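Each remark here refers to the structure printed beneath this line.
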Amino acid sequence: MRRYDRSEMVTALVLLTPFVAIYGLLFVYPLLKMVMLSFTKSPLIGEGDWVGFANYIKLFKDRLFSVAVWNTLYFVLLSVIPSTILGLLIALGVNRLKGWTQSAVLAAFFLPYILPVSVVYRIWGWMLDAQFGILQFPIEAIFGERVPVFRTLPLFMPAVAFITIWWLVGFNVLLYIAGLRNISAEIYEAAELDGATRLQTFRRITWPLVWPITVLVATIQLILQLKIFDQLYLFGQGGRTDSVLSLVWLVYRDAFQKNQGGYGATIAVVLFALIVGVSVLQYQALRARGEK
Amino acid sequence: MLKKLLGAAALGLVMVAGGAMAKETVVWWDFLGGGDGVRMKKLIEDFNASHADTIEIQATTLEWGVPFYTKAQTSAAVGEGPDVMTYHLSRLPLGVSTGTLAEITVDDLASVGLAPGDYAAANFGAAQVDGKIYAVPFDMHAVVLYYNKDLLAKAGLIGADGLPTGLDGIDNFTAALKKLQEGGTAQPLSIHDGAGDSMWRIFYSLFGQQDGAFLADGKFLDGDNLDKAVKATTVISDWVKNGFAPAQVDYPASIALFTSGQAAFHINGVWEVPTMTDLHAKGELFEWGAIPIPTFFDHPATWADSHAFAIPNNVGKEMTAEKKKAVLEVIAWMNKNSTFWATAGHLPAYNAARENDEFKAMQPNAAYAKLADTAVFDPSSVLAGVASPVYDAAGNFLMPAVNGEIEPQEAMEGMRDDLQGQVE
C-alpha cells in the first residue's frame with residue numbers, strides 16, 4: 001500500500017476541512033437535533049418534555065400518516081418510471097434531429113423545466129378550470145361533461161403526476177442526450193455493417209450503454225418525488241387535503257401550522273429513513289442489473 | 001491624522017445618537033398584498049410625512065398565511081421580530097399560546113387616546129385572549145352578497161330604494177334564484193365552492209344566524225349545535241344540488257362567473273370590492289352593488305375577521321418606553337385615519353372612522369356597513385382562524401358536502417370528530 005507523505009496529508013486536510021465542517025454544522029448536527037426532537041413534545045420553537053417513543057407510537061396509529069405514506073409512494077410510482085422512460089424516448093427522438101431543429105425541439109422540451117412551480121400551477125389550473133379551462137372542450141366532447149380534475153379524488157394524483165412529468169422531463173432528456181452522445185458512432189456503424197436491425201441496435205447497444213444514465217435519472221427522480229410537496233399542496237389546497245396529502249405536507253402541517261415541532265420531527269425522521277432506504281435499495285438493484 | 005479620524009468618528013456617533021433620540025424608527029411587518037398593499041403603502045407614506053421629525057415607519061411586506069405567522073413566531077422567539085405587525089384576530093389564540101405576542105393594556109391604549117369602547121364589542125372581544133388584550137383591531141372584513149343590478153332589476157328584485165329586496169329567508173332566496181333562472185340566467189349564484197375557506201365563511205354566517213356555538217367548553221359542535229351546522233350546510237349544498245350554483249368552482253373562476261354576467265349573485269369577501277370598482281371605472285362592468293348576506297335563519301349574522309395590529313414579544317429585547325410610545329402612536333394614527341382603508345372594501349374597526357360622513361358616502365361599503373353590528377368571529381381556539389385546522393376540516397368535510405359528494409349530516413359529524421380528535 002502506498003504511503004502518503006506529509007505534504008499530501010496537509011493538502012488533503014486543508015481541502016477537506018471546510019467541507020466536513022460545513023457538512024457537520026449544516027447537515028449532521030441538525031439531523032441529530034431532529035432525531036432528538038422526535039423524542040420530545042416540543043412546539044416549533046423552544047424546548048419540550050422528553051416523551052420517549054410516544055410520538056412514534058402516535059405516528060403509527062395516525063390515520064393521516066398512513067394516507068401520507070401511501071400517497072407519497074403512489075405519486076412516486078406515477079411519476080418516476082414514466083418520466084424516466086419518457087425522458088429516454090424524447091432523447092432518442094431529439095438525438096436523430098440535426099442542427100437548429102434539434103436545438104429548437106430540445107429547447108421546447110426543456111422550457112417547462114425552468115418555470116417556477118407557482119407558474120406551472122397557474123398554467124394548468126387555468127387550462128383545466130372546470131368553468132373556463134380550454135382543455136374542458138375536449139374533455140366535454142369525450143366524457144359528455146366537464147370534469148373538475150383537481151377536485152375529483154381518483155384523478156387528483158394522476159393529474160398532478162402528469163403535470164410534474166411535463167414540467168420536469170426536460171432535465172431527464174438532457175441527461176439522456178449527454179449519455180447518447182457519449183456512445184461512439186463507430187459502434188453503430190459496425191452494427192449496421194453486421195446487419196443489425198434498429199430494435200437489435202437499441203437492445204444490444206443503446207440500452208446497455210445508457211443504463212448508468214437510467215440509474216442516475218431514476219434515482220434523482222425517486223429522491224425528488226419522495227419529497228413531493230409543492231405541486232400537491234398548490235393543487236390540493238382548500239380541498240380534501242386529508243385524502244391527498246404527502247409526507248412532507250404532513251410535516252409542514254404538524255410542525256408549522258399546528259406548532260407541534262416534536263411530532264413534525266418524528267414524521268421527518270421516518271421520511272428520512274424511507275428515502276435513504278429506498279434510494280440505496282434502488283441504486284443497488286439497478287446497478288447490479290447493469291453490471292450483469 | 002489619527003486624531004482627525006477619531007474626531008470624525010466621534011462626531012458621527014454623536015450625530016447618529018442625536019438623530020435616534022429625536023426620531024424613533026418603528027420596524028413594521030405586514031402581509032398585505034394586492035389592493036390592500038397599495039393602500040397601506042399610501043397610509044404609511046402619509047404617516048411618515050406627517051411625523052417627519054419624530055417617527056419613521058420602516059415597512060416590509062411578507063408572504064400571507066402560515067409563512068407569515070411562522071416567521072413572526074420564530075423571530076420573536078430570538079428577539080428579532082419587528083416593533084409592530086399586522087395580525088388576523090382569528091389567529092390570535094395560536095399567537096398567544098406560542099408566546100409570540102406582547103400584552104397591550106387599557107392604559108397603553110388610553111395613552112394615545114384609544115379605548116375599548118371605540119370598537120364594536122364582538123370585534124374588540126376577538127382581540128382578547130383570557131381577558132387580556134393582545135391586538136388592536138384595524139378593520140373588519142366579512143363576506144357580502146355582490147349583485148348584478150341589471151339582472152336583478154329585470155327579475156323584479158330591486159326595491160324602491162334601489163337595493164335588492166325579498167332575499168331574506170331560505171324560501172324567498174330560492175324563489176329569487178328561480179326568477180333569475182327563468183329570466184335566462186342559467187346558474188344565478190356564483191360561490192367559490194372548490195375550497196373550504198370560502199365555504200367556511202358562508203357556513204359560519206348561516207351558523208351564526210342560528211346562534212350556533214361551534215366550540216364551547218372544549219367541545220366542537222356539541223348538542224344541538226350539530227343540527228344547526230347541518231341546517232347551515234344544507235342551505236348551501238341545496239344551491240348546488242338544485243342547479244343554482246355550479247359545483248367545484250375555483251376562486252378566480254368564481255369571480256369571473258360574476259364579472260362576466262353569467263351569475264347574478266356572488267358571495268365573496270369585501271376584499272374583492274376594489275376588483276369590481278376598478279372594472280366598473282374602466283367601463284367593463286355592469287351596474288353592481290354589495291349588501292350583507294341575507295338572513296336565512298333567526299337574525300342577521302355574518303362571518304368576519306379583522307386585520308389588527310400586534311406587538312411581538314421579542315425575547316431578550318425589551319422595548320424602550322420611547323419605542324413603545326412610538327408604536328402606540330402608529331397604531332392610533334392608523335386607526336384614526338382608517339376611513340381611507342375602507343376603499344379596499346374593509347370596514348374600519350374604529351367606530352368613528354366608520355361613522356363619519358366620508359365613510360357614509362362611500363359605496364358600496366356604506367350599504368353593508370351594518371353587518372359590523374352582528375358580525376360573528378371565528379371560535380377562539382388554537383385550532384381555529386385563517387389557515388388553521390378548522391379551515392382544513394372545512395375543505396375535508398364542508399366543501400364535499402356542498403358539492404354533493406357526502407351528506408351534510410355525515411359531513412358535520414366527520415368535521416366534529418376530526419376537530420375533537422385534534423384537541424390536546
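Derivation of every value follows stated rules applied to the coordinates shown; laboratory data play no part. In this text, all values refer to a predicted model and were calculated from it rather than measured experimentally. Reconstructed Cβ throughout: ideal geometry from the backbone, glycine too, with neighbour counts over all protein chains shown.
Close amide H pairs (under 5 Å, H built 1.01 Å from N) link B:I55 with B:E24, residues at least 5 positions away or on another chain.
With respect to chain B, whose longest principal axis is taken over its alpha-carbon atoms, helix B:321-336 is tilted by about 30°. Specify whether the C-alpha gyration tensor of segment B:173-319 places it in the rounded, prolate or oblate class, a ≥ b ≥ c being the square roots of the eigenvalues: rounded for a/c under 1.5, otherwise prolate if a/b is larger than b/c and oblate if not. Here segment B:173-319 falls in the oblate category. Listed from fewest to most Cβ neighbours within 10 Å, the set A:R240, A:R3 follows the order A:R3, A:R240.
Note that segment A:154-276, at 37 °C in a medium of 0.692 mPa s, gets a Stokes-Einstein diffusion coefficient of 186 µm²/s from its Kirkwood radius over C-alpha pairs. Expressed as a whole percent, how much of the Cα-Cα distance distribution for segment A:10-90 exceeds 14 Å? Summing the P(r) tail past 14 Å for segment A:10-90 gives 78 percent. Ordering A:24-36, B:53-65, B:411-423 by mean Cβ neighbour count within 10 Å, with the highest value first, yields B:411-423, B:53-65, A:24-36. The calculated P(r) of the protein assembly as shown, using every Cα pair and 20 Å bins from 0, goes 14, 41, 32, 12, 1, 0 in percent. Once C-alpha pairs closer than 8 Å and six or more residues apart are averaged by separation and normalised to the residue number of chain B, the relative contact order reads 26 percent. Kirkwood radius, segment B:276-424, all distinct C-alpha pairs, inverse of mean reciprocal distance: 19.2 Å. Label positions at A:F110 and B:K42, each projected 7 Å from the Cα along the C-beta direction, are separated by 4.7 nm. Taking the alpha-carbon centroid of each part, what is the distance from segment B:36-100 to segment B:215-278 in angstrom? Between the Cα centre of segment B:36-100 and that of segment B:215-278, the gap is 30 Å.
Only Cα pairs under 8 Å and 6+ residues apart enter the sum, and on that basis the relative contact order of segment A:61-291 stands at 29 percent. Dividing the summed -39500 (n - 2.57) terms of all DSSP H runs of n ≥ 4 by the residue count of chain B sets its mean residue ellipticity at 222 nm at -13000 deg cm²/dmol. Spin-label pair B:D278-B:D373: with each label point 7 Å from Cα along the Cα-Cβ axis, the two points sit 3.4 nm from one another. Remark: mean inter-chain Cβ contacts per residue of B:246-258 equal 4, using a 10 Å Cβ-Cβ cutoff to other protein chain atoms. Each listed q (0.20, 0.27 Å⁻¹) maps to a log10 I(q)/I(0) for segment B:168-232 from the Debye sum over equal C-alpha point scatterers, namely -0.89, -1.13. Computed over chain B with a Gaussian network model linking Cα atoms closer than 10 Å, the most mobile of B:A160, B:A142, B:A186 is B:A160. Pairs over the 22 Å Cα-Cα cut-off, from the set A:K33/B:K71; B:K336/B:K370; A:K33/A:K227; B:K41/B:K149; B:K23/B:K325: B:K41/B:K149. With the cut-off at 21 Å, report for segment A:38-146 the share of all Cα pairs above it, as a whole percent. Summing the P(r) tail past 21 Å for segment A:38-146 gives 69 percent. Pairs of C-alpha atoms in segment B:231-307 farther apart than 19 Å represent 46 percent of all such pairs. Take chain A, connect every pair of alpha-carbon atoms lying under 10 Å apart with a spring to form a Gaussian network, then pick out the residue of A:F19, A:F162, A:F143 with the largest mean-square fluctuation. The residue that fluctuates most here is A:F19. A Förster distance of 45 Å, applied to the separation of the beta-carbon atoms of B:A49 and A:R122, puts the FRET efficiency at 0.75.
Note on chain B: with a GNM built from Cα contacts shorter than 10 Å, the maximum mean-square fluctuation among B:G208, B:G289, B:G131 falls on B:G131.
Working from Cα pairs under 8 Å separated by at least six residues, relative contact order for segment A:102-171 is 38 percent. Relative to the dominant Cα principal axis of chain B, helix B:66-77 is inclined by about 30°.
Between helix B:225-241 and chain B there is an angle of about 70 degrees, using the helix long axis and the longest principal axis of the Cα atoms.
Note on chain B: percent of Cα-Cα distances in each 20 Å bin, starting at 0 and stopping at the bin with the largest distance, equals 25, 53, 18, 3, 0. Along its principal axes, segment A:61-291 has C-alpha extents of 66, 45, 28 angstrom, given from the largest down.
Placing a pseudo-label 7 Å from each Cα along the Cα-to-Cβ vector at A:E47 and A:D194 gives an inter-label distance of 7.1 nm. Take each residue of peptide A:131-142, count the partner chain Cβ atoms within 10 Å of its Cβ, and average: the result is 2.
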